[in-house]
Amino acid sequence: MRFFILCTMKPLVSIIMAAKNTEPFISSCLDSIQAQTYTNWELIAVNDHSTDRTADILKEYAKKDSRIKIINSKREKLIPALKEGVPHCTGELLNRMDSDDRMPKYKLEVLVNEWMKYGKGHVIAGGTKHFVESGEVGGGFLRYDAWLNEVAKNGRHYEEIYRECVIPSHCWIIHKDDFDRVKGFQPEVYPEDYDLCFRFYKNNLKIIGIDRVLHYWRDHSIRISRTWDEYKDNRYFEMKLRYFFELDRDHRRPLVLWGAGRNGKDFALQLSDYEGDVIWITDNPKKVGKDIYGIRLHSSDHISQLINPQIIVVVASPSDQVQIRNKLDCMGKKPITDYWFFN
């Protein structure tokens with residue numbers, strides 16, 4: 001009987017949350033955590049030098065709920081605060097939360113139940129939904145939600161990893177051992193959630209996508225993705241290139257850059273720091289045959305003359321991306337091993 005009870009016990013989930021000056025939102029956040037249908041959790045709330053009532057609100061909740069533990073960060077900024085929270089986690093499974101967001105009440109239950117089907121070596125991830133207190137969510141956030149939810153539904157996290165961050169910081173659950181193996185919050189690299197995704201990829205963790213919205217993402221004027229310099233250029237070309245050349249670049253094969261708009265030109269400048277011999281493709285007939293940064297631009301027909309190329313596509317227009325994918329598929333190329341969208 002004792003063995004049966006141990007085998008059926010649900011694991012403790014440690015939720016790590018950094019909080020800085022989120023007084024208007026943190027009560028709603030904490031209420032959503034306490035409303036979880038899965039009750040075996042602890043919240044490690046790290047107060048990052050808040051100057052408003054954030055710390056007081058945390059203390060009020062902690063007095064009434066022993067599952068809430070408060071840590072005062074010794075260093076400022078998000079990643080150092082998260083780092084300070086990790087040693088205080090006693091759970092087998094880890095999840096992260098942002099203090100200005102909300103959880104649907106089923107979030108932890110769904111994540112844990114799915115994780116228990118697979119065990120160590122797996123990350124469980126789901127979809128998101130942005131919301132605002134008044135007005136409407138911007139079109140860019142709606143498109144990002146739709147894309148993230150489609151990625152999770154179809155389990156295409158690694159196929160799409162060079163587009164944008166495929167798992168938001170608050171939408172995963174992972175075993176503590178796996179988290180330690182990928183070095184968790186140790187690298188102080190922003191955006192921290194995107195870098196973590198690449199480390200999942202680097203360490204061959206399998207991602208299991210769930211076709212459910214598992215996080216309510218609040219948009220407001222003072223969120224750090226709007227105000228911090230680290231997030232201003234959200235193309236993150238440097239990070240993508242660094243991991244591409246570490247994990248996917250095969251120097252025995254020719255490298256193609258497709259796209260000569262503003263994004264393509266900005267990308268080409270950074271790409272030149274990694275590789276000088278790049279074949280540049282454009283669909284703009286006015287640019288074909290011209291030189292940019294000393295590189296001759298070719299039409300897409302030139303690809304058929306190359307032997308087993310690796311192709312990086314950097315175009316901003318979604319319709320252009322669809323057309324390019326159709327062209328590449330007709331050429332017989334395959335996703336992931338042969339072409340990637342960086343946008």
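The values are calculated or read from the model by the stated rules, or taken from the named source; none is laboratory data. Small disclaimer: the values here were computed from a predicted structure and weren't measured. Virtual Cβ from ideal backbone geometry, glycine too; neighbours counted across all protein chains shown.
Figures for the structure shown
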read-out: Any chance residue 129 is out of contact with any Lys or Arg (no Cβ under 9 Å at 6 or more places or on another chain), assigned to a loop (DSSP other than H, G, I, E, B) and of a type outside the set (Val, Ile, Thr); value: no
read-out: Selection within region 13-38 - hydroxyl-bearing (Ser, Thr, Tyr) and either more than 19 Å from residue 192 (Cβ to Cβ) or in contact with a His (Cβ under 6 Å, 6 or more places away or on another chain) (or both); value: 27, 28, 32, 37, 38
read-out: Pairs with Cβ under 6 Å, 6+ apart, first in region 288-300 and in the same structural domain as residue 271 (by TED's automatic domain parsing), second of a type in the set (D, E, K, R) and not in a helix (DSSP H, G or I); value: 297/287; 297/290
read-out: Answer residue from region 284-343, given it is under 21 Å from the mean Cα position of the chain (by Cα) and part of a strand (DSSP E or B) and is surrounded by the fewest Cβ atoms within 10 Å (Cβ to Cβ) among those; value: 335
read-out: Unmet requirement for residue 63, which otherwise passes all of (1) surrounded by 16 or more Cβ atoms within 10 Å (Cβ to Cβ); (2) out of contact with any helix residue (DSSP H, G or I) (no Cβ under 9 Å at 6 or more places or on another chain); value: (1)
read-out: Strands (runs of 3 or more DSSP E) wholly inside region 1-107 that include at least 2 residues being under 18 Å from residue 170 (Cα atoms) and out of contact with any Pro (no Cβ under 9 Å at 6 or more places or on another chain); value: 13-19, 41-47, 93-98
read-out: Residue check, residue 99 among the small types (Gly, Ala, Ser), surrounded by 18 or more Cβ atoms within 10 Å (Cβ to Cβ) and at pLDDT below 95; value: no
read-out: Cβ pairs under 6 Å, 6+ apart, first in region 71-86 and free of Cβ contacts under 8 Å to residues at least 12 places away in the same chain, second of a type outside the set (Val, Ile, Thr); value: none
read-out: Wholly enclosed helices (runs of 4 or more DSSP H) of region 157-273 bearing at least 1 residues at pLDDT 95 or above; value: 176-181, 192-202, 237-247, 262-271
read-out: Scan of region 158-183 for residues that are over 22 Å from residue 103 (Cα atoms) and either touching a residue at least 12 places away in the same chain (Cβ under 8 Å) or among the aliphatic types (A, V, I, L, M) (or both), ordered by number; value: 158, 159, 160, 161, 162, 163, 164, 177, 178, 181, 182, 183
read-out: Qualifying residue in region 235-255 (condition: in contact with a Gly (Cβ under 8 Å, 6 or more places away or on another chain), under 19 Å from residue 304 (Cβ atoms) and either without any contact (Cβ under 8 Å) to a residue 12 or more places away in the chain or assigned by TED's automatic domain parsing to the domain that holds residue 299 (or both)); value: no
read-out: Test: residue in region 95-110 that is in the same structural domain as residue 188 (by TED's automatic domain parsing) and without any contact (Cβ under 8 Å) to a residue 40 or more places away in the chain; value: no
read-out: From the options 137, 110, 123, residue that is among the hydrophobic types (A, V, I, L, M, F, W, C), at pLDDT 95 or above and in contact with a His (Cβ under 9 Å, 6 or more places away or on another chain); value: 123
read-out: Conditions (1) in contact with a helix residue (DSSP H, G or I) (Cβ under 7 Å, 6 or more places away or on another chain); (2) surrounded by 14 or more Cβ atoms within 10 Å (Cβ to Cβ): number failed by residue 249; value: (1)
